[in-house]
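Take a look at the structure set out below.
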Amino acid sequence: PTVTFTDDNSRLRADLPTGESIEVLLYGATVISWKDATGDEKLWLSEAAKLDGSKAVRGGIPLVFPVFGTAPDHPQTKDLPQHGFARTSRWEFLGKSTSESMVGVKLDFGLSSATPGLDPKAAALWPFKFNLIYSVTLNPESLTTSIVATNDDAAAPFDCQVLMHTYLRVKDITAVEITGLASAPYTDKVGPSAPSTKTQPATPPTLTITGETDRVYTPTEDAVTVSEAGQPRFRVTRDNLANVVVWNPWADKAAAMADFKPDDGYKNMVCVEPGAVGGWQAVEGGDAFEGAQTIKLVG
Ligand code: TA6
């Protein structure tokens, strides 16, 4: 595998000898491209996504930490911007690891309270001695992203939420079926009664996207499978991440986001977002919270 920096050092590219590739923006350690061996792009990235560090990337895999959404009732994080500051900080590249036996490549990125590229708002609003290691592992048939959060100050424990806000690319949202969420209770963030927690009907065990969808599931099954026209495409499994958010803005919300282009791009994406967002993960001095997703190409 080869790893190259772009000339302005803003972005890394890793290529496997078998042809697969990923691109990672150091801003947010945001994976902005993942191609299979034929060069087929697996992630959705808005044509108007800001890649210059001026705002969180609209697409790819933005990282959500230490808060999912906003938490007005949570003293430690109530003043943070939506989805926290991991996706709006410049991470450091810590190195790559590969080996003869390993056909893939793992890229490590770091962000801590001491990182020069830390979003300045964060340092002021969330003064904890945190350390994040984010690993992106590209293998021929899968992409794994994992995060480890540690606290270097025993005297100041913090509570956090973690989520990988993955924008999966699809050919036609109306042909998409998502399984693995059956009978999982979910919080619905859409509609007049939002956010309501209601138990998803036991049947049908298949979720289709026919309008704005914004649900926080706690699946009982190990894998969430995204199929198109009856053909499985992605199989998402989680390690220590109990929740899966499913989001599609649909037409009106897509048109209302300046960095969401083309306006009908909602037809070509669905967010399947593994995370630990149902409550708060306490990270005390010496503790480590670890969570990972693996997206397997099954189609
Ligand atoms: O993950 C779903 C969600 O929380 C939606 O409610 C919507 O806000 C989406 O994230 C995008 O948020 P962003 O801050 O990236 O515009």
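Tabulated values for the structure
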| read-out | value |
| --- | --- |
| Selection from the stretch 94-128 of residues that are of a type in the set (Val, Ile, Thr) and assigned to a loop (DSSP other than H, G, I, E, B) | THR98, VAL103, THR115 |
| Residues of the stretch 174-195 that turn out to be within 16 Å of the ligand (Cβ to nearest atom), among the hydrophobic types (A, V, I, L, M, F, W, C) and part of a loop (DSSP other than H, G, I, E, B), as a count | 3 |
| Among the residues listed as ALA56, ALA49, ALA29, ALA71, the single one being under 19 Å from VAL105 (Cα atoms) and either within 16 Å of the ligand (Cβ to nearest atom) or touching a helix residue (DSSP H, G or I) at 6+ places or on another chain (Cβ under 6 Å) (or both) | ALA29 |
| Within the stretch 143-156, considering residues that are among the small types (Gly, Ala, Ser) and open to solvent by 20 Å² or more (accessible area, probe 1.4 Å), the one nearest to the ligand (Cβ to nearest atom) | SER146 |
| Restricting the stretch 217-232 to residues that are of a type in the set (S, T, N, Q) and closer than 25 Å to ALA288 by Cα, the residue that is surrounded by the fewest Cβ atoms within 10 Å (Cβ to Cβ) | THR220 |
| Which listed residue is surrounded by 15 or more Cβ atoms within 10 Å (Cβ to Cβ), within 13 Å of the ligand (Cβ to nearest atom) and acidic (Asp, Glu), from ASP159, ASP214 | ASP214 |
| Qualifying positions in the stretch 179-198 - surrounded by fewer than 16 Cβ atoms within 10 Å (Cβ to Cβ) and small (Gly, Ala, Ser) | SER183, GLY191, SER193, ALA194, SER196 |
| Residue match in the stretch 47-65 (condition: open to solvent by 40 Å² or more (accessible area, probe 1.4 Å), small (Gly, Ala, Ser) and over 15 Å from the mean Cα position of the chain (by Cα)) | yes |
| Subset of the stretch 233-266 (residues that are in a helix (DSSP H, G or I), open to solvent by less than 50 Å² (accessible area, probe 1.4 Å) and more than 25 Å from LYS35 (Cβ to Cβ)) | ALA251 |
| The one condition in (1) under 19 Å from the mean Cα position of the chain (by Cα); (2) open to solvent by 30 Å² or more (accessible area, probe 1.4 Å) that LYS121 fails to fulfil | (1) |
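The values are calculated or read from the model by the stated rules, or taken from the named source; none is laboratory data. Computed from a predicted model, the values in this text were never measured in an experiment. Reconstructed Cβ throughout: ideal geometry from the backbone, glycine too, with neighbour counts over all protein chains shown. Surface areas here come from the heavy atoms of the whole protein model, side chains and all, with no ligands, DNA or RNA. Shrake-Rupley method; radii C 1.70, N 1.55, O 1.52, S 1.80 Å.
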